[in-house]
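The structure appears right after this line, and notes come after that.
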Amino acid sequence: MALAILGLGSNQGTPKENLDRAVQALAALGTVQEVAPYILSKPEGYDAQPDFVNTIVLLDTQLAPAELLRQLKALETQLGRVPTFPNGPRVIDLDILFYDDQEIFDTDAMLFVPHPRLHQREFVLKPLSYLRPDLVHPTMGKTITQLYRELMRNKGAPTCKIL
């Protein structure tokens, strides 16, 4: 079994219910260990859309990383995601943030783990700090707590709120 740390987000329809459905559906891909508190966050990259609800899920899975990604994308479609544009609104977004302590750079599968921008995203670091504050980023050599503090020093006051 591998531990996959997944980021979930939604800002269309009923975001909390979308995340609840996604968490339930993830049970088909492994064992959901923990779910972080849901947080409300401002959109990044495209501001003219509703706020997001985000969370982090720890999933024990037997799926290899590329197969897990394929299953997550299929699950997004099943849950109602329709492709739009980068950083656009979505019913559900499921991302692999970490897969054990592996570093994966697979351009064919479009799979990059650890997620290349997670250290820049409060909506990832804040909920992850509730579940795994001492997790060390395998390429940056810093804990989630350290990354979150650095981001807050550079960004200023937190903008994400726990729901």
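The values are calculated or read from the model by the stated rules, or taken from the named source; none is laboratory data. What you see is a predicted model; the values in this text were computed from it and never measured. Counting neighbours? That spans all protein chains shown, and the Cβs are built from the backbone with ideal geometry, glycine included. Surface areas here come from the heavy atoms of the whole protein model, side chains and all, with no ligands, DNA or RNA. Shrake-Rupley method; radii C 1.70, N 1.55, O 1.52, S 1.80 Å.
Summary table below
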read-out	value
Lone unmet requirement of (1) at pLDDT 95 or above; (2) part of a strand (DSSP E or B) for Ala25	(2)
From the options Phe98, Phe112, residue that is out of contact with any helix residue (DSSP H, G or I) (no Cβ under 6 Å at 6 or more places or on another chain) and open to solvent by less than 30 Å² (accessible area, probe 1.4 Å)	Phe98
Failed criterion for Val136 (all others in (1) open to solvent by less than 50 Å² (accessible area, probe 1.4 Å); (2) modelled with pLDDT of 95 or more; (3) over 24 Å from Asn11 (Cβ atoms); (4) in contact with a strand residue (DSSP E or B) (Cβ under 7 Å, 6 or more places away or on another chain) hold)	(1)
Cβ pairs under 7 Å, 6+ apart, first in segment 53-77 and touching a residue at least 24 places away in the same chain (Cβ under 8 Å) and among the small types (Gly, Ala, Ser), second surrounded by fewer than 19 Cβ atoms within 10 Å (Cβ to Cβ) and in a strand (DSSP E or B)	Ala66/Asp106; Ala66/Leu111
Of all residues making up segment 1-58, the number that are among the polar types (S, T, N, Q) and surrounded by fewer than 17 Cβ atoms within 10 Å (Cβ to Cβ)	5
Selection status of Asp101, closer than 24 Å to Thr31 by Cβ, assigned to a strand (DSSP E or B) and of a type in the set (Asp, Glu)	no
Thr77 being more than 14 Å from the chain's Cα centre (by Cα) and open to solvent by less than 10 Å² (accessible area, probe 1.4 Å)	no
Residues of segment 104-130 satisfying the condition of being in a strand (DSSP E or B) and acidic (Asp, Glu)	Asp106
